[in-house]
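Asker: Before we start, here is the structure in question, set down as structure tokens.
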Amino acid sequence: MKHWDIVVCGGGIAGVAAALAASRQEKKVLLVEKQSVPGGLATSGLIYIYLPVSDENNRIVTSGIAGELLRKCQEYGPFSLRERWGGSADGNCGHPGERCLCCFSPAGYELTLEKMLQDSGVELFLDTTVISARCDGQKRLSEIELFCGTEREPVTADCFIDATGGAYLLRMAGAACFSESNYVSPWFMEFNEQSQSRYHFSDDIHIQVVRDNTPAGTADEVLTADAVRKFLKRQYEVIRSYYDRLPPERRKKCYPLHLPGMVQLRKIARIAGMAEIRDGFAGVAVADSVGVAADWRQMAPSWETPYWALLPEKVRGALAAGRCINASGEAWEIFRVIPAAAMTGEAAGTAAALACEQGIDPVDLPVRELQNKLVENGGILHIANAQ
């Protein structure tokens, strides 16, 4: 049985940031991802916009690894940051407005993320699924079982991080979770000589977004396997109907190039954490904040991130990162996107590494020590410290 200092489950942006943060503190880190590529919804899910890290006053509020991943997303693709954010004078970020954001090539970003993990010494298990989790008598997550091909592999670690997007690891370990409504709104890559889409890679190739009001799931009801399958079925129906309305001759010049390789559910499950980020917290200072998330939807106050929102109530030896931290309602909308995922991922990875060094549970880690390390690594903890 292999043992690691830290095992991160879920190789989306949150998982990548967590693995990088922990590995850079000289920890032996394993990152497990069920897809054959890293990046999650950002890459195989084709949600290709690195949304703003700047606030309503265009000050940088999300930094550290989140800022690094924003800069690196330009590496293979047609987009670049605007000049005021460190890009070129003729930089095209692929999106209107003046905030600090950038679109990217999903496939290009996969290459970048894999190389970043490799260079940092992270062991990356792709095409690998977590199929079980076991806790000891103190409710501490101590062992998981991985599955790849026909092989099962038990793995132990000093600390685990759930960055699966749906809290799958922590749910298997017995953590309480909640969900909220989702809507079918597929993003897919298209060739179209007459496109009106604003999401362009070139004159003919772009990302198409089709809006649909079909709900999936309700508040506080974690999505069942059947609900997920129905969501995927509807996603196909929506895309197909978009093309079926075109005359046959038009379909020769307007057709899909690439469909999402994973279900585009934005809100699957959030943990019942030791703290909750909820409606009304915008612009509020939080003493134990480990980072700031900008409101990506509009020019509005940012949100601070309490460390305790990353810690599940009922399971020890583990943290959550990304879309499955304890953020509800409007807050979940803020924290489910790429910059917030990277920020909470770095916080979780850093906390896990510090806890490992001291031989303690993440719940016992002095928050001030974590905050100092995050600031040392370029993080911004509070809205008042925006740059």
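Asker: So how compact is segment 1-148: Cα radius of gyration and Dmax in angstrom?
Answerer: Rg, Dmax (Cα atoms, Å): 17.2, 60.
Asker: Taking segment 231-332 as the region of interest, what is the percent of Cα-Cα pairs per 10 angstrom bin, listed from the shortest bin to the one with the maximum distance?
Answerer: Going from the shortest bin to the longest, the percentages are 13, 31, 21, 18, 12, 4, 0.
Asker: Tell me, what ³J(HN,Hα) does each residue in segment 288-303 have, in order and in whole Hz, if you take phi through Karplus 6.51 cos²θ - 1.76 cosθ + 1.60 with θ = phi - 60° and put x for Gly and Pro?
Answerer: Going residue by residue, I get 9, 5, 10, x, 10, 10, 6, 6, 6, 7, 7, 6, 8, x, 7, 10 Hz, with x marking Gly and Pro.
Asker: Show 383, 161 ordered by accessible area, largest first, where the area counts protein heavy atoms only and the probe is 1.4 Å.
Answerer: 383, 161
Asker: Which value, in Å³ per residue, describes the convex hull spanned by the Cα atoms of segment 74-153?
Answerer: 176 Å³
Asker: If each Cα of segment 285-362 is one equal point scatterer, what is log10 of I(q)/I(0) from the Debye formula at q = 0.24, 0.26, 0.27 Å⁻¹?
Answerer: -1.13, -1.28, -1.35
Asker: Magnitude of the Cβ-charge dipole of the chain, K/R +1 and D/E -1, about the Cα centre, nearest 20 debye?
Answerer: Magnitude of the dipole: close to 820 debye.
Asker: Quick check: pseudo-label points 7 Å beyond the Cα along Cα→Cβ at residue 3 and residue 88, how many nm apart are they?
Answerer: So the two model labels end up 5.1 nm from each other.
Asker: Right, another one. Give me Rg over Rh for the chain, both radii from the alpha carbons and Rh done the Kirkwood way, two decimal places.
Answerer: Rg divided by Rh gives 0.96.
Asker: In whole Å, what are the extents of segment 317-387 along the principal axes defined by its C-alpha atoms, from largest to smallest?
Answerer: 36, 29, 16
Asker: Among 159, 100, 324, which one shows the biggest mean-square fluctuation in a GNM of the chain, springs joining Cα atoms closer than 10 Å?
Answerer: Between 159, 100, 324, it is 100 that shows the largest mean-square fluctuation.
Asker: Could I ask something else about it? Probe radius 1.4 Å, ligands and nucleic acids left out: which of 116, 172 has the largest accessible area, and how do the rest follow?
Answerer: Largest to smallest exposure gives the sequence 172, 116.
Asker: Tell me what the chain gives for mean residue ellipticity at 222 nm when only DSSP H runs of n ≥ 4 count, each as -39,500 (n - 2.57), the sum divided by the residue total, rounded to 500 deg cm²/dmol.
Answerer: -7500 deg cm²/dmol
Asker: Provide the per-residue ³J(HN,Hα) series for segment 32-40, in order, calculated from phi with Karplus coefficients 6.51, -1.76, 1.60 and θ = phi - 60°, each as a whole number of Hz, with x at glycine and proline positions.
Answerer: Computed from phi, the couplings for segment 32-40 are 10, 9, 6, 7, 8, 9, x, x, x Hz.
Asker: Let me ask something else about it. Considering the convex hull of the alpha carbon atoms of segment 235-284, report its projected area averaged over all viewing directions, in nm², one decimal.
Answerer: 6.8 nm²
Asker: Span-like helices, the chain: DSSP H, alpha-carbon axial extent 18 Å or more, mean Kyte-Doolittle 0.0 or greater, which ones?
Answerer: Span-like helices in the chain: 338-358.
Asker: May I ask you to work out the translational diffusion coefficient for segment 50-106 at 25 °C, viscosity 0.890 mPa s, via Stokes-Einstein with Rh from the Kirkwood sum over Cα pairs, reported in whole µm²/s?
Answerer: Estimated diffusion coefficient is 219 µm²/s.
Asker: Hey, another quick one. Ranked by accessible surface with a 1.4 Å probe, highest first, in what order do 28, 72 come?
Answerer: Result of the area sort, largest leading: 28, 72.
Asker: Same structure, new question: Report, by chain and number, residues whose modeled amide H sits under 5 Å from the one on residue 54, excluding near sequence neighbours (fewer than 5 apart, same chain).
Answerer: Amide H neighbours of residue 54: 61, 100.
Asker: Could you go through segment 316-321 in sequence order and give the Karplus-derived ³J(HN,Hα) for each residue, using 6.51 cos²θ - 1.76 cosθ + 1.60 with θ = phi - 60°, rounded to whole Hz, and x for Gly and Pro?
Answerer: The phi angles translate into 9, x, 8, 10, 10, 8 Hz.
Asker: What list of whole percents do you get for P(r) of segment 168-299, with Cα-Cα distances grouped in 5 Å bins up to the one holding the largest distance?
Answerer: With a bin width of 5 Å, the distribution comes to 2, 8, 14, 15, 14, 14, 12, 9, 6, 3, 1, 0, 0.
Asker: Between residue 213 and residue 255, what is the FRET efficiency for a Förster distance of 25 Å, r being their Cβ-Cβ separation, to the nearest 0.05?
Answerer: For residue 213 and residue 255, the calculated efficiency is 0.50.
Asker: How big is the charge dipole of segment 1-96 about its Cα centre, in debye rounded to the nearest 20, if each Lys and Arg gets +1 on its Cβ and each Asp and Glu gets -1 on its Cβ?
Answerer: Computed about the Cα centre, the dipole is about 260 debye.
Asker: Select from segment 197-298 those GluC sites (Glu not before Pro) which occupy a DSSP coil region and have at most 13 other Cβ atoms within 10 Å, ordered by residue number.
Answerer: Here the GluC sites (Glu not before Pro) that fit, given the DSSP loop and packing criteria, are 221, 249.
The values are calculated or read from the model by the stated rules, or taken from the named source; none is laboratory data. None of the values given here were measured: they were computed from a predicted structure. A quick note on method: Cβ atoms are made from the backbone with ideal geometry, for glycine too, and the neighbour counts reach across all protein chains shown. The accessibility values were calculated without ligands, DNA or RNA, using every heavy atom of the protein model including side chains. Shrake-Rupley method; radii C 1.70, N 1.55, O 1.52, S 1.80 Å.
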